[in-house]
Amino acid sequence: WDNADFSRGVGTTFYQEFSTLNTAKPPFVRDVEAKVRRYLRSSYSAAWTLKITWEKAPVHAAQTDTRK
C-alpha cells in the first residue's frame, strides 16, 4: 500500500476501520464515497472502509534490477 520502511524501528502506522454496512456513515466514509463516485463515475457505496496514517515513516529505497 506504500513503500514505508519500518525495519529500523522508526515511524508509526495508525489505522481505523469503518464498518458501515447497515449503520450510519461517518463524515470520513461519506467523503470517500463521494470521491470514488466523482472520479470513477459510479454508484459506489462503502460497506467497509480502512483509513491508514503513516507518521514519520521513512521511505523504502527503490532498487533497480539490472540483470534484465
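The values are calculated or read from the model by the stated rules, or taken from the named source; none is laboratory data. This is a predicted model, so every value here is computed, not measured. Note: ideal-geometry Cβ built from the backbone for every residue, glycine included; neighbour counts use all protein chains shown. These area figures cover heavy atoms from the full protein model, side chains too; ligands, DNA and RNA do not enter into them. Shrake-Rupley method; radii C 1.70, N 1.55, O 1.52, S 1.80 Å.
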| Under a 5 Å amide H to amide H cut-off, with H placed in plane at 1.01 Å, what residues pair with A4 once short-range neighbours are removed? | H60
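Over the chain, with the other protein chains present, what is the accessible area per residue in square angstrom, probe 1.4 angstrom? Before the final figure, lay out each step's value.
Values: 5910 Å² over 68 residues.
Here the residues of the chain average 87 Å² of exposed surface.
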| In the chain, what is the count of Lys pairs whose alpha carbons are under 30 Å apart, counting only pairs at least 8 residues apart or on separate chains? | 5
| note | Dividing the helical contributions, -39500 (n - 2.57) per DSSP H run of n ≥ 4, by the residues of the chain yields a 222 nm value, nearest 500 deg cm²/dmol, of -6500 deg cm²/dmol
| note | Between E55 and R67, the two model label points (7 Å from Cα along the beta-carbon direction) sit apart by a distance in nm of 4.0 nm
| query | How large is ³J(HN,Hα) for each residue in region 32-46, as worked out from phi by the Karplus curve 6.51 cos²θ - 1.76 cosθ + 1.60 (θ = phi - 60°), to whole Hz, x for Gly and Pro? | reply | 4, 4, 4, 5, 4, 4, 5, 7, 9, 6, 10, 9, 5, 9, 6
| Label point distance in nm, D31-S19, each placed 7 Å from Cα along Cα→Cβ | 2.4 nm
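Where in the chain lies the longest segment free of chymotrypsin sites (Phe, Trp or Tyr not before Pro) that are both loop residues by DSSP (not H, G, I, E, B) and have at most 14 other Cβ atoms within 10 Å? Mind dumping the intermediate values first?
Working: sites that count: W1, F6, Y44.
By the stated rule (loop sites, at most 14 other Cβ atoms within 10 Å), 7-43.
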| Percent carbon-and-sulfur accessible area, region 12-55, ignoring ligands, DNA and RNA, probe 1.4 Å | 56 percent
